[in-house]
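Asks: The following block contains the structure, expressed as C-alpha cells.
What follows is calculated from the coordinates using simple rules that are stated; it is not laboratory data. Not measured: the values here are computed from a predicted model. Don't worry about glycine lacking a Cβ; one is built from the backbone with ideal geometry, like all the others, and counts go over all protein chains shown.
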Amino acid sequence: MAHARTTGSLPVANVQALAQTCKDSDQQIPERYIRADANAEDVISMNDSTAAIPTIDLSRLLDPQSSDEETTKLGSACQQWGFFQLINHGVPEDVIRDMRKDIAEFFRLPLETKQTYSQLPNSIEGYGQAFVVSEEQNLDWADMFYLVLRPGESRNMSLWPAHPPSFRNSIDRYSSETARVAGCLFEFMAKGMGVRPESLHERFQDQPQGIRMNYYPPCREADKVVGLSPHTDAAGLTLLLQVNDVPGLQIRRPGDDDGRWLAVGAPPDGAFIVNIGDILEIMSNGKYRSVEHRAVVNPDMERISAAVFHRPCQDAVVGPLPELLGEGGGDARYTSMGYLEFMKRYYSAKLDGRNHLDGLRIQPSSQNV
Ligand code: OGA
Ligand code: NI
C-alpha cells in the first residue's frame, strides 16, 4: 500500500534500548539526540486552564436536539485551534482498555521479539523510526511502530504482532471504532465548513487508516532531547490516544504572537485528542487549521501514545474543495496534487514544523500572475 511505502527512513538505533544502556552505565546521551534549541522556547503550562484546548462532545453532535449548536462549536474549534478533545465518542471502554494494555505490553517485549516486526527497507510500516533522511540529522528520543489498518486488504499481517496474543484483535476492533468516529467527524466538519455533508466522505471513502504507536523512553536529560520533532500531520484527521497517563504533547498555540508552545494535559479518561492534518487544511482552503505540535520526554517515566491517521483514497486530489472556490468562495490558496504525490513529498523530508504545508501555499501576490 502506497500510503505506507512511498518512502522509507534511514535505520537508526533503538531508543528504548539506548535509554536503558545510558541509564545502566551512566553514559552520556549520544550527540545526535541533543537538541540545542529543544526547550529554549516558552511553554504555557497546562495548569493555566484558560489555555486548554476545546472539548467536543460526539453524543451532542449526533443528538438532533443539540447537533446544530455542537456543530458550530466543532467548526470554530477546527478554525481556531485545529485541536480538540473528543468526549462521549461511543468507543466501548474495553476496546480502549485492551488497546492500551496490549500496546504497553508490546513495548515491554524483549528487543529481539520487537525487532521481528522491524520496518522493511523503503517502508515506514513496522517497528523503527520515520523521517530520517540523512546521517547528519538530529534524532528524536522515541521509537515508533506504524501499521496500515485500512483498507483491510492493505494490511500486512506479517507485521501485526503475534504478542501479546490479543493484540491483533485489539487493533482490529480499535480500527473499526476509530474509523466510525472519524466518519462521523468528517460529516460534521463538512457541515461546519459550509459544504455538503458528504463532501469529505467522498474523498475519504473506504477510510484509509494507519496507526503510529509512539514509545518515548524516560531521559535523565529530558530537557535536552525531543520526543517527536515539531511537525504537522499530513493526514486528514488524527485521533490520538494517550496510552498511559504521562503527558508530553505540546501544540503551537494558534494566534499566540510569540508562537509559544502549549502543553496539552492528559484528557479525561478514554477521550481522544483530535487534530486537523495538512490535507484537511488544504481541502478547507485554509479555513481549518493544521497546527504544529511536538512531543517532549519525561525525565523519569516512559510515555506511550497511539495516533490513528485518516487519509483520503489514493485517487483523491489533495486540493481545496471545488465547492469552496469560485463565486462567493474565493481563490485557491493551495496547490492541488494527487494524494500519492503529496505523501511522497511529506515523507521525503525531515519533520520541520509547518514547512511542508507552507510549501504548498499559493502566495496571494502570485495568484494574479
Ligand atoms: C504523532 C504525534 C504526539 C504524541 O504521532 O503524529 O503527534 O503525543 N504524536 O505522541
Ligand atoms: Ni502528529
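Asks: Round to the nearest 10 and give me the degree value, 0 to 90, for the angle of helix 67-80's Cα axis relative to the longest principal axis of the chain.
Replies: Helix 67-80 sits roughly 60 degrees off the main axis of the chain.
Asks: In square nanometres, what is the average projected area of the Cα convex hull of the stretch 183-266?
Replies: Orientation-averaged projected area of the Cα hull: 7.6 nm².
Asks: Would you kindly compute the Cα radius of gyration of the stretch 80-177 and its largest Cα-Cα separation (Dmax), both in Å?
Replies: 15.5, 45
Asks: Would you tally the net charge around Arg97, using a Cβ to Cβ cut-off of less than 13 Å, leaving Arg97 out, and scoring K and R as +1, D and E as -1?
Replies: Its environment carries a net charge of -4.
Asks: What number comes out for the charge environment of Gly270, summing +1 per Lys or Arg and -1 per Asp or Glu over other residues with Cβ under 9 Å away?
Replies: For residues surrounding Gly270, the net value is -1.
Asks: If you build a Gaussian network model of the chain, linking Cα atoms that sit under 10 Å apart, which residue out of Glu327, Glu69, Glu105 swings the most?
Replies: Its mean-square fluctuation being the largest, the pick is Glu327.
Asks: Express in nm, to one decimal, how much length is gained between Glu327 and Gln28 on full extension, taking 0.36 nm for each residue of separation and deducting their alpha carbon distance.
Replies: 101.6 nm
Asks: Here's another thing I want to ask about it. What does the net charge come to around Gln80 if you take all other residues with beta carbon closer than 14 Å to its beta carbon, with K and R at +1 and D and E at -1?
Replies: +3
Asks: Starting from the 7 Å offset along Cα-to-Cβ, what nm value, one decimal, do you get for the label separation of Gln65 and Arg97?
Replies: Computed distance between label sites Gln65 and Arg97 equals 2.9 nm.
Asks: With springs only between Cα atoms under 10 Å apart, run a GNM on the chain and tell me which of Gly277, Gly255, Gly192 wobbles the most.
Replies: Residue with maximal mean-square fluctuation among Gly277, Gly255, Gly192: Gly255.
Asks: Additional query: Provide the three semi-axes, in whole Å and in decreasing order, of the ellipsoid equivalent to the stretch 191-240 as defined by the square roots of 5 times the Cα gyration tensor eigenvalues.
Replies: One finds semi-axes of 35, 13, 7 Å for the stretch 191-240.
Asks: Once each part is reduced to its C-alpha centroid, what is the distance from the stretch 91-120 to the stretch 149-217 in angstrom?
Replies: Measuring centre to centre over Cα atoms gives 17 Å.
Asks: With a point put 7 Å past each Cα toward its Cβ, work out how far Asp258 is from Ile362 in nm, to one decimal.
Replies: 3.7
Asks: Gaussian network model of the chain, Cα springs within a sub-10 Å range: biggest mean-square fluctuation belongs to which of Met337, Met144, Met193?
Replies: Met337
Asks: Angle check, please: helix 167-193 long axis (alpha carbons) against the longest principal axis of the chain (alpha carbons), in degrees 0 to 90, nearest 10.
Replies: It works out to around 30 degrees.
Asks: Per DSSP H run of n ≥ 4, the term is -39500 (n - 2.57); total these for the chain, divide by its residue number, and report the mean residue ellipticity at 222 nm rounded to 500 deg cm²/dmol.
Replies: For the chain, the value works out to -8000 deg cm²/dmol.
Asks: While we're on this one: At 7 Å along Cα-to-Cβ for each site, give me the label-to-label distance between Cys184 and Ala104 in nm.
Replies: Here the modelled spin labels are 2.6 nm apart.
Asks: How are the Cα pair distances of the chain distributed, in percent, across 20 Å bins from 0?
Replies: 30, 61, 10, 0
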